[in-house]
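The values are calculated or read from the model by the stated rules, or taken from the named source; none is laboratory data. This is a predicted model, so every value here is computed, not measured. With ideal geometry, Cβ positions are generated from the backbone for all residues, glycine too; neighbour counts draw on all protein chains shown. In case anyone asks, the SASA skips ligands and DNA or RNA and just uses the protein heavy atoms, side chains included. Shrake-Rupley method; radii C 1.70, N 1.55, O 1.52, S 1.80 Å.
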Amino acid sequence: MSLHEKLPGVLRTFRKRHPPAGARPGTLVVAAGAPPPTITVQSYDAAGLTTTQVTEVAQLPALLERPGTTWIDVQGLGDEAVLRSLGELFGIHPLALEDVVNAPQRPKIEEYPDQVLVIARMVRPAAAARVEIEQVGMVIGPRYLISFQEQHGDCLDPIRRRLHDGAGKMRTAGPAYLAYAIVDAIVDGYYPLIEQLTERLERIEDRLDEHSSPRVLQRLNAIRAQLVQARRALAPQQLALAGLLREPTGPFPADVRLYLRDTLDHCTQLVEVIDAQRDLINSLMNTYLSLVGHRSNEVMKTLTIMASIFIPLTFVAGVYGMNFESLPGVHRRWAFAALLGAMAAIAGGMVLWFRRRGWLGGDRDDD
């Protein structure tokens, strides 16, 4: 069984949903088996929060008339008609809608007339041997934010609790601050994954001298593949945030840009930790190969010493095994005992000499 088969999803190749060659811009490609969209609308201001489950896009215009900010949370991209209806209702640029639906896209922040597109990559909880990363797209308008997720479920429950509790600036800061909070939660969602992988590496490092079986190499390769996936998602997000903050002005107000600096710091820290862990994996692999080579050399040395001891004994036994009448001592009673004694003396002398040379029983002390 190959490593691909043992660790499904860990070593997957990059596959993006592309429209047919020559298709017009804005062509949507919905993945086969994608879950149907569920739409949750949260309208909030300093006075309170209202949550509504929407079954049809036609219900949204009435909800948008509520005061404050509206968060339209779309989970699942399995219905092209619903997605296009959302695009038409909110005037989403066809290229922005294409980036949202045709995942995965490179994390980025792009400005459109009256809207801002944010693409981020979110890690999903999965089995220990897998890393699942899905795309989250956000379209930020003057009084609303639309988030698009590939699957149902996410790591944004802390944001929803903050909205429900009314703590901090969540209900008064507008959609740009909500977008920051979502991106920050997505980035922070990588910390448990990186901590888990770090703990696994530390356990392997502590036990490497005692357990250097081939399974160690398999585990190291699996962890390295997970780290590569995480870095592939985080590094572009880091570059996008850094590029945004380098500009003197941008689509986010100055007070939100201050908070985005903290998110950039988290991205940078995670990328640096991932790079350090990848270096550690390379070091552990080199140590593992060195241990395997050392143990192979020890085995070969032991076998060589044993063969070296038996070579002269085999020679003596071969000489006295020849059918000649004139061999010395052949017709003496003590000849056999003397021959065994001589052979034992030869073997013992060679063992002592090997020990003095440090080839047997440890290295020779030269101090």
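The helices (runs of 4 or more DSSP H) falling completely within segment 145-264 that include 2 or more residues that are touching a Phe, Trp or Tyr at 6+ places or on another chain (Cβ under 8 Å) and either within 30 Å of A32 (Cα to Cα) or in contact (Cβ under 8 Å) with a residue 24 or more places away in the chain (or both) map to 175-188, 214-246. Can we say I223 is more than 34 Å from the chain's Cα centre (by Cα) and either surrounded by 14 or more Cβ atoms within 10 Å (Cβ to Cβ) or within 30 Å of Q135 (Cα to Cα) (or both)? For I223, the condition - more than 34 Å from the chain's Cα centre (by Cα) and either surrounded by 14 or more Cβ atoms within 10 Å (Cβ to Cβ) or within 30 Å of Q135 (Cα to Cα) (or both) - is not met.
Sort through V101, V54 and tell me the only one that's more than 24 Å from A120 (Cα to Cα) and open to solvent by less than 20 Å² (accessible area, probe 1.4 Å).
On the way: V101 fails: more than 24 Å from A120 (Cα to Cα).
Exactly one of V101, V54 is more than 24 Å from A120 (Cα to Cα) and open to solvent by less than 20 Å² (accessible area, probe 1.4 Å), namely V54.
Here is a check on your reading of the model: is Q115 at pLDDT 85 or above, of a type in the set (S, T, N, Q), closer than 24 Å to D73 by Cα and in contact with an Asp or Glu (Cβ under 7 Å, 6 or more places away or on another chain)? Taking the combined requirement at face value, the residue does not satisfy it. For segment 271-279, state whether one or more residues are in contact with a Lys or Arg (Cβ under 9 Å, 6 or more places away or on another chain), surrounded by fewer than 16 Cβ atoms within 10 Å (Cβ to Cβ) and among the polar types (S, T, N, Q). No, segment 271-279 contains no residue that is in contact with a Lys or Arg (Cβ under 9 Å, 6 or more places away or on another chain), surrounded by fewer than 16 Cβ atoms within 10 Å (Cβ to Cβ) and among the polar types (S, T, N, Q).
All of (1) more than 19 Å from R124 (Cβ to Cβ); (2) within 35 Å of the chain's Cα centre (by Cα); (3) at pLDDT 90 or above hold for M1 with one exception: (3). When L303 is tested against (1) within 19 Å of W353 (Cβ to Cβ); (2) touching a helix residue (DSSP H, G or I) at 6+ places or on another chain (Cβ under 9 Å), exactly one condition is not met: (2).
Condition first: out of contact with any strand residue (DSSP E or B) (no Cβ under 9 Å at 6 or more places or on another chain), among the polar types (S, T, N, Q) and either modelled with pLDDT of 90 or more or open to solvent by 50 Å² or more (accessible area, probe 1.4 Å) (or both). Can you find one or more residues in segment 73-86 that meet it?
Of segment 73-86, the ones out of contact with any strand residue (DSSP E or B) (no Cβ under 9 Å at 6 or more places or on another chain) are 78-81, 84-85.
Narrowing the set further to residues that are among the polar types (S, T, N, Q) leaves 85.
Keeping just the survivors that are either modelled with pLDDT of 90 or more or open to solvent by 50 Å² or more (accessible area, probe 1.4 Å) (or both) gives 85.
There is at least one residue in segment 73-86 that is out of contact with any strand residue (DSSP E or B) (no Cβ under 9 Å at 6 or more places or on another chain), among the polar types (S, T, N, Q) and either modelled with pLDDT of 90 or more or open to solvent by 50 Å² or more (accessible area, probe 1.4 Å) (or both).
Close Cβ contacts (under 8 Å, 6 or more residues apart or on different chains) running from residues in segment 51-79 that are in a helix (DSSP H, G or I) to residues that are open to solvent by 60 Å² or more (accessible area, probe 1.4 Å) comprise V57/L89; L60/L89; P61/L89; L64/R143. Select from segment 63-84 the residues that are in contact with a Gly (Cβ under 8 Å, 6 or more places away or on another chain) and closer than 19 Å to N102 by Cα and list them in ascending order. The answer is Q75, G78.
Could you say which residue among Y144, Y177, Y190 is open to solvent by 20 Å² or more (accessible area, probe 1.4 Å) and of a type in the set (F, W, Y)?
Working: Y177 fails: open to solvent by 20 Å² or more (accessible area, probe 1.4 Å); Y190 fails: open to solvent by 20 Å² or more (accessible area, probe 1.4 Å).
From the options Y144, Y177, Y190, the qualifying one is Y144.
Scanning segment 55-66 for any residue that is touching a strand residue (DSSP E or B) at 6+ places or on another chain (Cβ under 9 Å), under 19 Å from R162 (Cα atoms) and modelled with pLDDT of 90 or more turns up nothing.
For L145, are the conditions met, namely being hydrophobic (A, V, I, L, M, F, W, C), on the phi < 0 side of the Ramachandran plot and touching an Asp or Glu at 6+ places or on another chain (Cβ under 8 Å)? Judged against the criteria, L145 is not a match. Confirm whether D99 is part of a helix (DSSP H, G or I), in contact with a strand residue (DSSP E or B) (Cβ under 9 Å, 6 or more places away or on another chain) and under 20 Å from A233 (Cα atoms). Yes: the conditions hold for D99.
Within segment 27-50, the set of residues being under 30 Å from E65 (Cα atoms), buried (at least 17 other Cβ atoms within 10 Å of the Cβ) and out of contact with any strand residue (DSSP E or B) (no Cβ under 9 Å at 6 or more places or on another chain) comprises L28 only. Residues in segment 335-367 that are part of a helix (DSSP H, G or I), surrounded by fewer than 12 Cβ atoms within 10 Å (Cβ to Cβ) and at pLDDT below 80: there are none.
Filtering segment 308-326 down to residues that are open to solvent by 50 Å² or more (accessible area, probe 1.4 Å) and part of a helix (DSSP H, G or I), which residue is farthest from W359 (Cα to Cα)? Filtering first and then ranking leaves Y320. Scanning segment 118-132 for residues that are open to solvent by 20 Å² or more (accessible area, probe 1.4 Å) and modelled with pLDDT of 90 or more yields a count of 1.
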